[in-house]
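This report concerns only the one structure given below.
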Amino acid sequence: PESGEGKAKAERMFSLMDGFLKNDPISLQKDILDHVEYTVARSRFSFDDFEAYQAVSHSVRDRLIERWHDTHAYFKRKDPKRLYFFSLEFLMGRSLSNSVINLGVRDQYADALNQLGFEFEVLAEQEGDAAQGNGGLARLSACQMDSLATMDFPAWGYGLRYQYGLFRQVILDGFQHEQPDYWLNFGNPWEIERIHVSYAVKFYGTVEEQDLNGGKRKVWVPGEMVEAVAYDNPIPGYGTRNTINLRLWAAKPSDLYDMESYGTGDYINAVINRQKAETISSVLYPDDRSYQGKELRLKQQYFFVSASVQDIIRRFKDSLNDFNQFPEKVALQLNDTHPSLAIPEVMRVLVDEEFLSWKQAWDIVCKIFSCTTHTVVPEGLEKIPVDLLGSVLPRHLQIIFDINFSFMEELKKHFGLDFNRLSQMSIVEEGAVKSIRMANLSIVCCHTVNGVSRVHLDILKTKVFKDFYELWPQKFHYKTNGVTQRRWLVVSNPGLCGLISKWLGTDAWIRDMDLLMGLRDHAGDAELQQEWKMVRRINKIRLAEFIDAMTGMMVSPDAMFDVQIKRIHEYKRQLLNILGIIYRYDCIKNMKESDRRKVVPRVCIIGGKAAPGYDMAKKIIKLCHAVGETINNDSDIDDLLKLVFIPDFNVSVAELVIPGSDLSQHISTAGHEASGTGSMKFLMNGCLLLATADGATIEIIEEIGEDNMFLFGAKVHEVPKLREKAENHRVALQFARVLSQICLGWYVMATLAMRITSNLSVTLLKGVVTSIS
Ligand code: T68
């Protein structure tokens, strides 16, 4: 404030501030001990590692909050166009190490803790893994948040705060069992509950028409209302004060809506029913590819979208109230089609609540939305049954029908009455179950449709969205996925990180990966190679200890570690890897002693979760254990070959496994992996790739050269022909089998008939027939 009471108050507040929190060892120790005493409520003379972790996290959180407040104040003043990233999944993993590194206070904390008798690394391992997502898509969201913060974007992430994250995988007798991940059990110091930031989200009910200024307007009268409460997670950038916000919504019962139900006299049931509202944000769906048209999933999608849109519009109205300027202030990026209900929601709010004309609202929508797709196969595209959508979100269904009507008219003008094309491109799919194609809705309304690698875009253009590409070629783009080196090198491989900075003479590569090119000048240096080997060895020893702790298996760090860690899927071909291991085992068994001495001992490591309903993936896990059982207990093979399945694969496990790997496998059938990001993490840790030319690997090959990797298998364009050939072969075999069965059948019957007529007397036969009857 320039003057008056506001100014006086601000000055008083400012004078009370002790500057920013300090990061010298004494100040850090004091802050940590204060949190032990007052936040964790333990005595500062007696607390264990976990309590120390809690106190340290809270002191880091204080520092995050300072920057986070400054970031908000700065962007409120500047009021730039903001980037809103909507995703139903974020795989954040642990936060402590990442936060202190990005804040630039890692060493200060380590020193301060040392003097208190604690080791930073040990405390960091006390933290649970935040697994609010399934796989690549969700981890990409987390990496993107880190990059947006580091690159000083005025960005916000929006999502859902699940009470149960991705299930914990427990292996019993080689089979996967799923256990709930109630990750909030031990508290979550990284989030800030904002009880005053909450919105009512509506469901069900009917749409009524009311008169408005001589015209009609639609009013949605809901049948249920749930409150969305914000939980903010500050995301610090590296080497900048920019600290952005990841706002996740939790469902709570709505006071506004519920009051009537208390009048019925059934107080206990009224309270119990009220609690049911919380189920909306209770559990993450554990499927990473299939869509089942489930009501709860639809409610989750709309719940987070509605709260986020209300939040964005409130922020916009705080500074401006002219919706013509909305596209200058708001960009909305949809992560896959999961948040695509945001499109009809923005239309609804603008038309029904802000009273803009349909045309005005539509112009705005077309300017603000863009989306990324992570899917390769058409079967992977999300569809919502019309009946379900109409019941849960009646007004949205009307809006989608209206959008589709205009779109169909536009198509007719463009392509004429090509009914085949019209029905393929329509947002509404006719058929036994009429449904809404969420991808088509997104493409129609977004100005940009983003693929996640070059070949992925090619597949979108030529197959999955061929018709749309012909209509709007300018909409289709790709940005090949990336991963953040902050987490996948600096946090997870401090040894290699120090080595790189030493040889480059700078740590600027932590913000600018291209600088790693400078290492080429030293690649032949024997000293660097020696140091590199040492770093790898230490990481392998750490990994071997972890394997021992998780599985009870002792593996030698002298062996080659050959790793495949990712979700279990048929297209990712863990099965091919296992068949390869069986083959290798067989070869070794049949080798002469002299040849055996030439074999490089190998530890094959596989890890990953199977969706609970994905039977084949679960069988692959069982097979892996069964094969391991045989190989690992064969004294004849000894250390030449081992097979380890690492249970409960997650972000923290990946951080430990990747730096200790020599070889990693990315062997999906070409044309099936939209991008793949694991390979990038292994590569930046100096691990070799055994890979097929799929997804982002195709671009990696161009970067690093075929000579620097083990490439095999069919190319994307060869796969359909091979499939056809295999299918023809299969049909021919089947035909031959049936034919031989028929022939065999005739042969057997004829022989029997001959035997019977020649060897048995008619009297005997009659006797048999009579006795049977
Ligand atoms: C992955 N997709 C791609 N989906 O498979 C991978 N799906 O190639 C790509 O690198 C990565 O996205 C990032 O672009 C997924 O991870 C899901 O997890 C998912 C979740 C729910 C529903 C559908």
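A few points about this structure:
- Here residue 452 does not qualify as in contact with a helix residue (DSSP H, G or I) (Cβ under 6 Å, 6 or more places away or on another chain), under 30 Å from residue 483 (Cα atoms) and either of a type in the set (D, E, K, R) or buried (at least 17 other Cβ atoms within 10 Å of the Cβ) (or both).
- Selected residue [under 30 Å from residue 653 (Cα atoms), open to solvent by 10 Å² or more (accessible area, probe 1.4 Å) and basic (Lys, Arg)] from 479, 466, 434: 479
- Going through (1) of a type in the set (A, V, I, L, M); (2) touching a residue at least 60 places away in the same chain (Cβ under 8 Å); (3) within 30 Å of residue 511 (Cα to Cα); (4) buried (at least 18 other Cβ atoms within 10 Å of the Cβ) one by one, residue 122 falls short only on (4).
- Residues considered: 627, 600, 653. Of these, the only one that is under 30 Å from residue 180 (Cα atoms) and over 20 Å from the mean Cα position of the chain (by Cα) is 627.
- Residues of the stretch 419-476 satisfying the condition of being in contact with a His (Cβ under 8 Å, 6 or more places away or on another chain) and part of a loop (DSSP other than H, G, I, E, B): 452
- All of 554, 550, 513 fail the test of being in the same structural domain as residue 663 (by TED's automatic domain parsing) and either in contact with a Leu (Cβ under 7 Å, 6 or more places away or on another chain) or surrounded by 13 or more Cβ atoms within 10 Å (Cβ to Cβ) (or both), apart from 550.
- Hey, residue 704 open to solvent by 30 Å² or more (accessible area, probe 1.4 Å) and outside the structural domain of residue 453 (by TED's automatic domain parsing) or not: yes
- Residue in the stretch 147-160 that is farthest from the ligand (Cβ to nearest atom), counting only those that are out of contact with any Leu (no Cβ under 9 Å at 6 or more places or on another chain) and open to solvent by 10 Å² or more (accessible area, probe 1.4 Å): 152
- Among the residues listed as 132, 144, 115, the single one being within 16 Å of the ligand (Cβ to nearest atom) and open to solvent by 30 Å² or more (accessible area, probe 1.4 Å): 144
- Residue in the stretch 359-369 that is β-branched (Val, Ile, Thr), open to solvent by less than 40 Å² (accessible area, probe 1.4 Å), more than 16 Å from the ligand (Cβ to nearest atom) and touching a strand residue (DSSP E or B) at 6+ places or on another chain (Cβ under 6 Å) present: yes
- Condition met for residue 500 (among the β-branched types (Val, Ile, Thr), more than 16 Å from the ligand (Cβ to nearest atom) and in the same structural domain as residue 333 (by TED's automatic domain parsing)): no
- A count restricted to the stretch 697-731 and to residues that are in a helix (DSSP H, G or I), under 28 Å from the mean Cα position of the chain (by Cα) and charged (D, E, K, R) stands at 3.
- Cβ separations smaller than 7 Å between residues 6+ apart or across chains give the following pairs from the stretch 641-662 residues that are open to solvent by 10 Å² or more (accessible area, probe 1.4 Å) to residues that are among the hydroxyl-bearing types (Ser, Thr, Tyr): 655/492.
- Whichever residue in the stretch 265-315 is in a loop (DSSP other than H, G, I, E, B) and more than 16 Å from the ligand (Cβ to nearest atom) and, among such residues, is farthest from residue 91 (Cα to Cα): 265
- Residues within the stretch 77-112 that are open to solvent by less than 10 Å² (accessible area, probe 1.4 Å) and either more than 16 Å from the ligand (Cβ to nearest atom) or at positive phi (or both), tallied: 9
- Residue within the stretch 182-196 that is within 15 Å of residue 308 (Cα to Cα) and open to solvent by less than 70 Å² (accessible area, probe 1.4 Å) present: yes
- Among the residues listed as 104, 117, 93, 128, the single one being without any contact (Cβ under 8 Å) to a residue 12 or more places away in the chain and more than 10 Å from the chain's Cα centre (by Cα): 117
The values are calculated or read from the model by the stated rules, or taken from the named source; none is laboratory data. The shown structure was predicted, so the numbers you read here are calculated from the model rather than taken from an experiment. Virtual Cβ from ideal backbone geometry, glycine too; neighbours counted across all protein chains shown. Surface areas here come from the heavy atoms of the whole protein model, side chains and all, with no ligands, DNA or RNA. Shrake-Rupley method; radii C 1.70, N 1.55, O 1.52, S 1.80 Å.
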